[in-house]
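Undergrad: Let me begin by handing over the structure; questions about it come next.
The values are calculated or read from the model by the stated rules, or taken from the named source; none is laboratory data. Predicted model only: the values in this text are computed from it and were never measured. For neighbour counting, all protein chains shown are included, and Cβ atoms are generated from backbone atoms with ideal geometry for every residue, glycine included.
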Amino acid sequence: MRNYEGTFIINADLSTEITKGVVTQIQELITKNGGRVDRIQEWGKKRLAYKINKRQEGNYVIMNFQMESSQSKKLDQGLKLNDNLMRFLLVNKDAL
């Protein structure tokens, strides 16, 4: 299993409950693909450097997790289907 760090920007217009639901969906997607979430950091609402989808702010969430590299493509595809995610970045920490 490889160590990954995921940075997720969630739509800031959503309520707190829906935002927590999106974080839960991401966790479930990781575990469904054979991964394990080690740590979640919620940075909260931050101003973006540039507008994304006509929005100036987003809720930042950082997740550290472990997953087989063969499953990371499935995770990437599943994350692209979530309309509440404005952007995300998955980094293989072992490669650094």
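Undergrad: Output the residues belonging to segment 20-32 that are free of Cβ contacts under 8 Å to residues at least 60 places away in the same chain and either crowded, with 17+ Cβ neighbours inside 10 Å or among the hydrophobic types (A, V, I, L, M, F, W, C) (or both).
TA: VAL23, ILE26, LEU29, ILE30
Undergrad: If you don't mind, there's one more thing I want to ask. Any chance you could count how many residues in segment 61-90 are in a strand (DSSP E or B), touching a residue at least 60 places away in the same chain (Cβ under 8 Å) and surrounded by 11 or more Cβ atoms within 10 Å (Cβ to Cβ)?
TA: Adding up the residues that qualify gives 9.
Undergrad: Take GLY6 and decide whether it is assigned to a strand (DSSP E or B) and touching a residue at least 12 places away in the same chain (Cβ under 8 Å).
TA: In short, yes.
Undergrad: A follow-up question, please. What residue, among those in segment 33-47 that are closer than 16 Å to PHE88 by Cβ and under 14 Å from the mean Cα position of the chain (by Cα), is surrounded by the most Cβ atoms within 10 Å (Cβ to Cβ)?
TA: So, considering only residues that are closer than 16 Å to PHE88 by Cβ and under 14 Å from the mean Cα position of the chain (by Cα), the one surrounded by the most Cβ atoms within 10 Å (Cβ to Cβ) is GLY35.
Undergrad: So, one more: Is there a residue being touching an Asp or Glu at 6+ places or on another chain (Cβ under 9 Å), surrounded by fewer than 13 Cβ atoms within 10 Å (Cβ to Cβ), modelled with pLDDT under 95 and not in a strand (DSSP E or B) anywhere in segment 48-60?
TA: No: segment 48-60 contains no residue that is touching an Asp or Glu at 6+ places or on another chain (Cβ under 9 Å), surrounded by fewer than 13 Cβ atoms within 10 Å (Cβ to Cβ), modelled with pLDDT under 95 and not in a strand (DSSP E or B).
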